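Please read the structure below before turning to the comments.
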Amino acid sequence: MARFVTVAKADSIQPGQIIKVEIDNFPVAVANVDGTFHAFDDTCTHEDCSLADGDLVRTAVVCPCHFAEFDVRTGAVLAPPATVPVRVYTVRVQGNDLQVEF
Amino acid sequence: MAAASTIAIVGASLTGQSAAATLREEGFDGRVVLVGAEPQLPYDRPPLSKNYLRGGMPFEKTLLRPPEFYREREIEMRLATTVVRVDIEKRALQLAGGDRLEFDNVLIATGGRNRRFPIPGLDLPGVYDLRTIADADRIRDAIVRGGRAVVVGMGFIGAEVAASMRQCGLEVTAIEPFKTPLYRALGEDIGRVVEALHRDHGVAMILGDAVAAFEGKGRVERVVTRDGRRIECELAVFGLGIEPVTEVVAGTGVRVDNGIVVDDQCRTNVPGVFAAGDVANHFHPVCGRQMRVEHWQNGVKQGAAAARSILGRGQPYDEVHWFWSDQYDANIQYAGFHAAWDAVVVRGSLAERKFLAFYMAEGRVESVVAINQGRDLRRTLPIIKARVAVDPARLADPNVDLRTLAPAERPA
């Protein structure tokens with residue numbers, strides 16, 4: 001049953017920043033794009049690399065290992081070598097609590 | 001270009017499929033024919049020395065595009081088909097078996113083949129090299145049989161194969177004629193880091209010595225070196241680099257010099273004939289000289305650039321060349337224009353194998369190598385492209401955001 005899980009304080013993630021959180025031991029990345037938060041699987045669909053270790057370029061996250069790119073809003077692949085989209089999650093802010101639907 | 005025109009692409013691998021896909025993305029509605037010597041649909045080669053070789057990846061996962069991708073875009077696939085010659089005057093490909101395929105424009109994306117040297121015993125069963133999926137399958141079978149392996153040549157392919165075989169539990173000895181692995185690309189200091197990486201994972205390393213012969217009765221049993229070492233083994237893999245495959249244009253007037261010579265828009269000296277990928281000795285506008293590279297990223301991007309150039313929408317191809325090599329838990333990345341350097345600036349820790357090393361010439365960053373520092377490596381690309389002097393102290397300081405050292409990016 002999906003529920004919203006508080007993963008961080010909203011003001012702890014600066015615009016342009018990505019953090020890695022764990023929900024039920026599962027790594028999820030949360031990115032702040034100009035004040036809007038986006039959550040997605042932290043593990044790149046190409047190989048086992050943490051997307052939170054990569055750069056956020058506008059709305060694209062760039063995997064640090066092989067430079068695959070995904071749209072953080074939709075999970076769509078923007079650049080190879082990845083071919084499979086990354087899963088995205090619904091995010092909401094309650095007060096200062098950043099919550100991810102998981 | 002007339003709608004009914006035909007664009008033939010010789011070589012159905014990374015570069016060729018990227019060009020074909022780009023032609024359709026750009027709205028070209030003529031005929032696109034991808035001709036490839038191998039029987040498989042275009043597949044990704046980087047896993048062949050890594051995950052695929054270790055048995056951790058099925059073949060289907062290596063396909064660059066699913067089969068329907070080509071059908072939906074009406075990209076004609078002529079696989080298992082060897083092009084004998086590009087007939088420039090008649091604008092046709094001569095195919096093995098006598099068929100001809102007429103074209104209006106042709107892209108040569110034939111890539112490379114493994115270099116072979118006249119070493120006695122090189123053709124013995126049990127001595128392998130790696131370029132194709134068929135090669136990888138042969139080595140994989142040998143790995144499954146197990147035993148002692150010798151890797152000849154610790155360039156990137158040799159180093160990756162050595163790592164994969166260790167990860168599969170084989171005893172591995174590596175022989176490298178230079179002082180360290182990857183010596184020519186990375187120099188001695190960083191080469192030593194890669195040497196330590198392999199030694200720490202149990203590879204026996206023989207440096208500064210070369211193979212004199214592969215010996216065995218009907219099958220390789222040992223490798224003998226120039227200095228007289230004898231290394232018993234059940235299999236050997238050599239990685240001695242590649243040479244560009246240019247025979248299809250031999251004698252046609254298309255200029256060949258360390259590959260097919262093209263300008264910064266993938267154009268050869270013959271109108272309507274283009275080249276891209278490993279085979280293309282291209283003019284690079286950022287550093288102002290010809291170069292030929294054998295990188296995955298160049299295959300993708302130059303293939304796309306060639307497609308646009310064929311359609312008359314070419315732009316100077318000015319990517320900063322970049323590649324990766326995964327060995328054990330080390331993600332090694334390299335970017336830039338391999339050239340002479342007068343200083344190496346290190347940011348991070350060589351001992352912990354978490355660093356960037358900047359290769360400097362006259363105060364500029366010519367190229368950079370990183371281990372497990374991919375984000376910072378990517379932030380270095382604009383610095384390399386800018387070709388301006390950078391303060392080495394700031395490069396070396398991990399508290400300095402590398403993005404602040406690059407001039408503002410030009411608008412796309």
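The values are calculated or read from the model by the stated rules, or taken from the named source; none is laboratory data. In this text, all values refer to a predicted model and were calculated from it rather than measured experimentally. Glycine gets a Cβ as well: all are built from the backbone with ideal geometry, and neighbour counts include every protein chain shown.
Pairing residues of segment B:67-80 that are in contact (Cβ under 8 Å) with a residue 12 or more places away in the chain with residues that are of a type in the set (A, V, I, L, M) and surrounded by fewer than 17 Cβ atoms within 10 Å (Cβ to Cβ), at Cβ distances under 8 Å and at least 6 apart in sequence or on separate chains, gives B:ARG78/B:LEU95.
Looking across segment B:189-212, just one residue is surrounded by 16 or more Cβ atoms within 10 Å (Cβ to Cβ) and more than 19 Å from B:GLY155 (Cβ to Cβ), and that is B:ALA212.
Within segment A:66-79, the set of residues being at the interface with chain B (Cβ under 9 Å from one of its Cβ atoms), buried (at least 18 other Cβ atoms within 10 Å of the Cβ) and out of contact with any Pro (no Cβ under 6 Å at 6 or more places or on another chain) comprises just one member, A:PHE67. Within the option set B:VAL151, B:VAL161, being out of contact with any His (no Cβ under 6 Å at 6 or more places or on another chain), in a strand (DSSP E or B) and under 29 Å from B:GLU188 (Cβ atoms) holds for one residue only, B:VAL151. Of the residues making up segment B:304-337, those that are under 14 Å from the mean Cα position of the chain (by Cα) and not hydrophobic (A, V, I, L, M, F, W, C) are B:HIS321, B:SER325, B:ASP326, B:GLN333, B:TYR334. Check segment A:6-17 and report whether any residue there is within 22 Å of B:THR380 (Cβ to Cβ), buried (at least 18 other Cβ atoms within 10 Å of the Cβ) and within 14 Å of chain B (Cβ to nearest Cβ). No, segment A:6-17 has no match at all.
Residues in segment B:81-103 that are free of Cβ contacts under 8 Å to residues at least 60 places away in the same chain and of a type in the set (A, V, I, L, M, F, W, C): B:ALA92, B:ALA96.
One residue alone among B:VAL400, B:VAL388 is free of Cβ contacts under 8 Å to residues at least 12 places away in the same chain and over 22 Å from the mean Cα position of the chain (by Cα), and that residue is B:VAL400. The strands (runs of 3 or more DSSP E) found entirely in segment B:1-118 that carry 1 or more residues being farther than 28 Å from B:GLN333 by Cα are B:6-10, B:31-35, B:75-78, B:83-87, B:92-95, B:100-102, B:105-108.
Here is the figure for segment B:137-155: residues that are surrounded by 24 or more Cβ atoms within 10 Å (Cβ to Cβ) and either under 23 Å from the mean Cα position of the chain (by Cα) or not aliphatic (A, V, I, L, M) (or both) total 5. Of the residues B:ASP227, B:ASP141, B:ASP135, the single one that is outside the structural domain of B:PRO46 (by TED's automatic domain parsing) and assigned to a loop (DSSP other than H, G, I, E, B) is B:ASP227. Within segment B:288-295, does at least one residue satisfy the condition of being surrounded by fewer than 16 Cβ atoms within 10 Å (Cβ to Cβ) and out of contact with any His (no Cβ under 8 Å at 6 or more places or on another chain)? Within segment B:288-295, one or more residues are surrounded by fewer than 16 Cβ atoms within 10 Å (Cβ to Cβ) and out of contact with any His (no Cβ under 8 Å at 6 or more places or on another chain).
Whenever a residue of segment B:23-45 is under 19 Å from B:VAL106 (Cβ atoms) and within 14 Å of another protein chain (Cβ to nearest Cβ), its partners that are in a loop (DSSP other than H, G, I, E, B) and at pLDDT 95 or above, lying with C-beta atoms within less than 9 angstrom and at least six residues away or across chains, give the pairs B:PRO42/B:ALA12; B:PRO42/B:SER13; B:PRO42/B:GLY36; B:PRO42/B:LEU64; B:PRO42/B:ARG65. The conditions of being surrounded by fewer than 22 Cβ atoms within 10 Å (Cβ to Cβ), among the basic types (Lys, Arg), closer than 18 Å to B:ARG54 by Cα and out of contact with any Asp or Glu (no Cβ under 6 Å at 6 or more places or on another chain) are not met by B:ARG116. Within the option set A:CYS63, A:CYS44, A:CYS49, being facing chain B (nearest Cβ under 10 Å) and in contact with a Leu (Cβ under 8 Å, 6 or more places away or on another chain) holds for one residue only, A:CYS63.
You will find that of B:ALA339, B:ALA306, the residue that is modelled with pLDDT under 95 and under 23 Å from B:CYS266 (Cα atoms) is B:ALA339 and no other. Within segment B:93-106, does at least one residue satisfy the condition of being within 23 Å of the chain's Cα centre (by Cα), more than 23 Å from A:PRO81 (Cα to Cα) and of a type in the set (S, T, N, Q)? So far as segment B:93-106 goes, no, none of its residues is within 23 Å of the chain's Cα centre (by Cα), more than 23 Å from A:PRO81 (Cα to Cα) and of a type in the set (S, T, N, Q). For the condition among the small types (Gly, Ala, Ser), in a helix (DSSP H, G or I) and buried (at least 18 other Cβ atoms within 10 Å of the Cβ), A:ALA82 does not qualify.
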